[in-house]
Amino acid sequence: MSSGKQRERQMLESFYSMIALVFILVTCIELCDAATVVDVYRLIQYDISGAPLGSRFATLNHHAGSLHLPPGVDLSRTVVIIPIHELNITLVKEFIAQRKPLGGLLFLLPQMLNFENRDPTSESKYQIHEKKLIKNVLVELERLLIHANIPYPVYFAFEDDDIDAVLADVKRNDASGQPATATTGSYKLVVSGPEPKRIASPTITNIQGWLPGLKADGDQNQLPTIAIVASYDTFGTAPALSVGSDSNGSGIVALLEIARLFSLLYSNPKTRGRYNLLFGLTSGGPYNYNGTHKWLRSFDQRLRESIDYAICLNSIGSWDNKLWIHVSKPPENAFIKQIFEGFSTVAEELGIEVGLKHKKINISNPRVAWEHEQFSRLRVTAATLTELSAPPELLERTGGLSDSRHFVNEDAIVRSIKLVAESIARHVYGYQGKNIQIFADDTSLAVNAPYIRSWLDILSQTPRVAPFLSKNDPFVMALKKELQAHTHEVIVQHEVLDEMFTIYDLTKAKLNIYQVASVTFDLLLLLVLGSYLIILFTFLVITTRGLDDLISLFRRPPSRKVKAV
């Protein structure tokens, strides 16, 4: 055979091979669906005094299932998708309490809870009773998940058209009575990446500002001080979604507005009071008010003794008509009586009911129920103003999924600010009696509702779980800048979170959803491709070498007998 014909044959074989390769690639592309990618938010992973809590794993590579699976089915390789409006809390409790083998859990949240969603229709379709039902379900679910050690990945995602379509298909498959496996075909949920690592030396940051009072000529004594304090960070089942609009976004907004109002009074020597006002934005609130503890320990004794009283603001954005003042000293104490009577008088004028709750602190127990108890441990008179009649358990009601912008009442925050600002002002200026309005509406000292709304919007879009906020986090810097606009001598204090709490990273991930074919389909596809390749091979041999060469390939070669020696 000439070299030209040989080259021609080689080119022809290469051409046919390329056609075969292209055909195979096109076939694979047509028969395999592209992946759907969804943002998912991981359940928090943390330790308390070495005890592991939350979700202990992050990677996923399992088939999708739904609540429509028959009982008794093996779910060790299945991720169960649960929309919140279909949540069976008893079933989830069984999964966790009995430590049943499970590939993972994926909870689907309504779009109204997505702080990145700007579509107002996502909220309008829910009635008031439906919103309350969603909130109650989330509170119960969060309480369950936060205090459990869960040996599989748990994620949250928001409902959308793509994931709703996937869930509808999964439900149809599950209705047949067979779970998704490699032989039946299904959707596969994949979250890849490294396993979470503990955050080393997590930082908490306190911010304080002063409004110095006016001293009389020749007065060398230190002026008394009133402290207004609010913890600004959060904790929740999903740190990347923990915005805490009420706890404690409402307290932060109130503190900033009170600082703004008094800055107007204190900017003029004629209206400056004979009290120093100390404003403190503290961190580590969910962690036993660890930041408040370290902030107070940094005070010198002279400053500590100058504090007449401290008022701590906590969750004042979703009450109806009653607020509570929690104290550690007995109600008969003269200072407590004075504070409560001052607040009660103003509350009556505003049409607000204020109750007093006394809870004695246990010095030997490091656990504190309220922020003011950190003051009380140092013998400083303090109280917490809140809508909560009883203290929450550790790490509960500190800004979880149920604490979003939709459940906060702006009017409640405005009325709370009026109550606190007016009560403090009457104490500072020595006003007694009723119907004395220092911060009256329609005056330059009126509470600024648009200012409150703008800050509430910012806080409701800013997850702020303490270990994930760095020293120079933009949110921390924004709080510092805002306090500097209204107060003097603003100080930022960085501390390390108590070693009792260990937090792990990886709070957000990408979930890839693949529609995978069954093994039967794969075998059929393999058979078709194999048949095609055999036919292609036969065609190439016949056209290039002839039929005789093809037949010779299948002939049995003659045996070779070895001659005996």
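Points to keep in mind about this one:
- Here residue 100 is the anchor, and the aspartates and glutamates within straight C-alpha reach of less than 15 Å, apart from those fewer than 8 places off in the same chain, are 74.
- Its relative contact order, with pairs defined as Cα atoms under 8 Å and 6+ residues apart, puts segment 203-496 at 34 percent.
- A convex hull fitted to the Cα coordinates of segment 203-496 yields 125 cubic angstrom per residue.
- Cross-link pairs 359/434; 197/508; 270/480 - those with Cα-Cα distance over 20 Å: 359/434; 270/480
- Within the full protein context, the accessible area of residue 128 is estimated at about 120 Å² for a probe radius of 1.4 Å.
- When the listed pairs 132/360; 337/481; 93/360; 93/510; 93/322; 93/131 are checked against a 30 Å cut-off, the alpha-carbon distance exceeds it for 132/360; 337/481; 93/360; 93/322.
- Each residue of segment 208-213 is assigned a 3J(HN,Hα), and the resulting list reads 10, x, 10, 10, x, x Hz, derived from the Karplus form 6.51 cos²θ - 1.76 cosθ + 1.60 (θ = phi - 60°), x at Gly and Pro.
- Sparse packing (at most 16 other Cβ atoms within 10 Å of the Cβ) combined with a DSSP loop state is found for the following GluC sites (Glu not before Pro) in segment 410-502: 499.
- Note on residue 471: aspartates and glutamates with a C-alpha under 12 Å away, same-chain residues under 8 apart excluded, are 495.
- Of the chymotrypsin sites (Phe, Trp or Tyr not before Pro) found in segment 350-441, those that fall in a DSSP loop while having at most 15 other beta-carbon atoms within 10 Å are 431.
- For segment 67-107, with all protein chains in place and a probe radius of 1.4 Å, 52% of the accessible heavy-atom surface sits on carbon or sulfur.
- Computed with a 1.4 Å probe on the full set of protein chains, the accessible area for residue 108 sits at about 0 Å².
- Share of carbon and sulfur in the accessible area of segment 203-496 stands at 47%, probe radius 1.4 Å.
- Solvent exposure of segment 203-496, expressed per residue, is 39 Å² of accessible area, with all protein chains present and a 1.4 angstrom probe.
- Order by protection proxy (mean Cβ within 10 Å, highest first), peptides 109-116, 311-318: 311-318, 109-116
- DSSP-defined antiparallel bridges as percent of all bridges, segment 203-496, nearest 5: 40 percent
The values are calculated or read from the model by the stated rules, or taken from the named source; none is laboratory data. Because the structure is predicted, anything quoted here is derived from the model rather than measured. Glycine also receives a Cβ, built like all others from the backbone with ideal geometry; neighbour counts cover every protein chain displayed. We work out accessible area using only protein heavy atoms, side chains counted, and drop any ligands, DNA or RNA first. Shrake-Rupley method; radii C 1.70, N 1.55, O 1.52, S 1.80 Å.
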